[in-house]
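Shown next, in structure tokens, is the structure this report addresses.
The values are calculated or read from the model by the stated rules, or taken from the named source; none is laboratory data. Worth saying up front: this structure is predicted, and the values here are computed from it rather than measured. Reconstructed Cβ throughout: ideal geometry from the backbone, glycine too, with neighbour counts over all protein chains shown.
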Ligand code: 5AD
Ligand code: FES
């Protein structure tokens, strides 16, 4: 990818012409991904204008509760993979999860995300069902709830939907099936087609469906990223969360760290992915991923500026945050939820955004889809 990134030099003219188009070919997207300097500024100006026009400057909060780092899977890039014996595993009690949800509600966050490692046991499915009902009850129906707990059966997804979850995040990680299989073990538990089936099931059940990819993975090309953008569009996704891949020393992919773009280049490419996606899919929700902030202290704010409209402040009790290390340098691991909130108010204002409290901030794309527009 290093080579490809430096391969192209396009004129301002070409980029501004592409940005005026109403649809984009794979080659257009590659050119946008490779733009630099004034061309990049042009792209960011366009994506920022489109965001203001189509979804406004409001930024919605999703209080993130990372309630367990126990994971049955073994993804080659992830710090909490099952085989990583250095991880201190934790599982919040129901009481701790409900307290975190209450914190989000009392601080008028509007929505929460329940996230954990993957667990497909019937007991886990029951536990989530009960938690969903209790969170709906404690917030008097006010808190919107997204789930991000991996691949599950269609019937489990349906049960959770009926119990009150209305959004689901399941990253495809990469839309290139061959690359997917390079970054995951070669077994039935890590199957590209199954992941895709899950996304289709979620959409059919009626969830606002979110996915995403990692940017700057070893073996990934600019062409792959252009295909990721086309995949989001063709699938008709409602929400996207994507961010830079950050190597973790206790994972197998660490062996390929020499082949990576620099952290700054991965960061830059992630901002361009957000901006181009905003131009491509004007009315979806796009999250400014926490991984952006692991590289640049103002990473999430920069994401907001170029097109993202969602931030997921961590409301997991501070005690456990260090142990949910998907990648190294994860920011804010030493803070308590209340500190996070104060910090974010100031940060979003810096990015010309306006935090919108108490509203769900549903994806406009989803609402139109529901109405059949
Ligand atoms: N770098 C960046 N993102 C990662 N994730 C997991 N490991 C890493 C890493 N090393 C992301 C994956 C996953 C999400 C929960 O976190 O995209 O879906
Ligand atoms: Fe847990 Fe990938 S390691 S889902």
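Restricting attention to the range 81-108, the residues that are under 21 Å from residue 324 (Cα atoms) and either within 16 Å of ligand 1 (Cβ to nearest atom) or part of a loop (DSSP other than H, G, I, E, B) (or both) add up to 12. For the range 64-79, which residues satisfy the criterion of being in a loop (DSSP other than H, G, I, E, B), closer than 20 Å to residue 168 by Cβ and within 13 Å of ligand 1 (Cβ to nearest atom)? Within the range 64-79, 69, 71, 73, 75, 78 qualify.
Yes/no per residue for (1) away from ligand 2 (no atom under 16 Å from the Cβ); (2) touching a helix residue (DSSP H, G or I) at 6+ places or on another chain (Cβ under 9 Å):
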{"position": "227", "(1), (2)": "yes, yes"}
{"position": "232", "(1), (2)": "yes, yes"}
{"position": "240", "(1), (2)": "yes, yes"}
{"position": "245", "(1), (2)": "no, yes"}
{"position": "248", "(1), (2)": "no, yes"}
{"position": "257", "(1), (2)": "yes, no"}
{"position": "260", "(1), (2)": "yes, yes"}
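Each row is one residue, and each column tells you yes or no for (1) touching a strand residue (DSSP E or B) at 6+ places or on another chain (Cβ under 8 Å); (2) away from ligand 1 (no atom under 11 Å from the Cβ); (3) modelled with pLDDT of 95 or more; (4) over 23 Å from residue 49 (Cα atoms).
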residue	(1), (2), (3), (4)
219	no, yes, yes, yes
254	no, no, yes, yes
266	yes, no, yes, yes
270	yes, no, yes, no
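State yes or no: is residue 145 within 16 Å of ligand 2 (Cβ to nearest atom), closer than 23 Å to residue 310 by Cα and touching a residue at least 24 places away in the same chain (Cβ under 8 Å)? The answer is no for residue 145. Restricting the range 317-326 to residues that are out of contact with any strand residue (DSSP E or B) (no Cβ under 7 Å at 6 or more places or on another chain) and part of a loop (DSSP other than H, G, I, E, B), the residue that is nearest to ligand 1 (Cβ to nearest atom) is 326.
Tell me, yes or no, whether the range 73-80 has at least one residue that is over 23 Å from residue 301 (Cα atoms), within 16 Å of ligand 2 (Cβ to nearest atom), at pLDDT 95 or above and touching a strand residue (DSSP E or B) at 6+ places or on another chain (Cβ under 9 Å). Yes, the range 73-80 contains at least one residue that is over 23 Å from residue 301 (Cα atoms), within 16 Å of ligand 2 (Cβ to nearest atom), at pLDDT 95 or above and touching a strand residue (DSSP E or B) at 6+ places or on another chain (Cβ under 9 Å).
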